[in-house]
Amino acid sequence: MVAALSATEVDPTPLERQVDRAVTIVFGRVESVTIHDGSGRALSDGSARTGPGERNELRLHVVLDVKRVMKGAVPESQVKVTLPLWRMWHDTLNSARAVYEKKDFIFFLTPDFRPSSSAEFLHLDLEESVIKAEIERQKRPNQALQHNDPSCHAACMRTCRASRGRG
């Protein structure tokens, strides 16, 4: 995950929860990165910082790829979005540009095309197969486990019920 590049640490959210809370999961390209002060004014200083105690906010200007939607849908009106990065990441405008600009990522978004999580909403496109597998797993209905199913909890196999024709 890209967030690990910054100095602030957060416990990673399991992919299962990230996929579950995102309404839209889509590929996109970061066209540019800007930084804004606490009043929303754009700053041009490449060394302008974000992080604890700073009021600045980095913003990713993203073009979503409507042909590469993994979950949900992207209407034409939402092809270009501006996504704020979490303010607590220790970062500068120059370093964020080096990490994000002109690169493709997978974005996890809410119904109004905002980040589904302040700290974890974009993944490297190399993670596509893992994300697709989780999306597919969540589409399948929950099926009751049979007591002879090896994935059933081991304690079930040791119970009297399991030995009475159920396992």
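The numbers here are math on the coordinates, done by the rules we state, and not lab data. It should be emphasised that the depicted structure is a prediction, and the values quoted were computed from it without experimental measurement. Virtual Cβ from ideal backbone geometry, glycine too; neighbours counted across all protein chains shown.
Brief remarks follow.
- Alpha-carbon Debye profile of the stretch 58-104, log10 I(q)/I(0) at 0.13 Å⁻¹: -0.38
- FRET efficiency, 1/(1 + (r/R0)^6) with R0 30 Å, evaluated for Leu43 and Arg68 via beta carbons: 0.40
- All C-alpha pair distances within the stretch 1-107, sorted into 5 Å bins from zero, spread as 2, 12, 20, 21, 20, 15, 8, 1 percent across the bins.
- In the stretch 1-93, GluC sites (Glu not before Pro) in a DSSP loop with at most 11 other beta-carbon atoms within 10 Å: Glu9
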